Amino acid sequence: MSIDKGIILRGLQEAVTDMQRLSGELTTTQIRVLIFVMRRGKATGTDIAKALDMSAPTVSRSIATLSDEKISRRSGEPVGFLKLENDPSDRRVRYAVVTEKGHALVNRIVESFQP
């Protein structure tokens, strides 16, 4: 079953509106990171940087903004769309994982594409 162009464009328009309303001031880069982690289930900063062709500092800042942790260098409160989990077999590795709040946002975006 194919979706017609009008439905796709309407879905994109509604998704952008929902993202702005629900996520506040998230950038396109941060939204890309969130959706990538949602698709993968969990991802390291290196995974994200390679897959999305971003620099490590850009990914690190995006994860920090999206995370559930208060970071002293960042102004504002954590948005809580991602949480950071340590790898049980290697404590040096941390994974970004989507929280329930992040799933709710992404689900609202996906719902925008329903006819």
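Taken together, the values in this text are just the output of simple stated rules run on the coordinates, not laboratory data. These figures come from a predicted structure and were not determined experimentally. Heads up, the Cβs are rebuilt from the backbone with ideal geometry, glycines too, and the neighbour counts pull from every protein chain shown.
What residues of region 34-55 lie in the reach of a label at E69, counting those whose backbone N is under 12 Å from a point 7 Å from the Cα along Cα→Cβ? Residues passing the 12 Å test: 45. Sequence-ordered 3J(HN,Hα) estimates for region 34-49 from the Karplus curve with 6.51, -1.76 and 1.60 and θ = phi - 60° stand at 4, 5, 4, 4, 4, 5, 7, x, 7, 7, 7, x, 5, 4, 5, 4 Hz, glycine and proline given as x. Annotation: amide H of V93 within the under-5 Å range of D87, sequence separation 5 or more or interchain, hydrogens built in the peptide plane. Each listed q (0.13, 0.24, 0.26 Å⁻¹) maps to a log10 I(q)/I(0) for region 27-101 from the Debye sum over equal C-alpha point scatterers, namely -0.33, -1.15, -1.32. Per-residue extension of 0.36 nm, minus the Cα-Cα distance of L9 and V110, leaves a gain of 35.1 nm for this segment.
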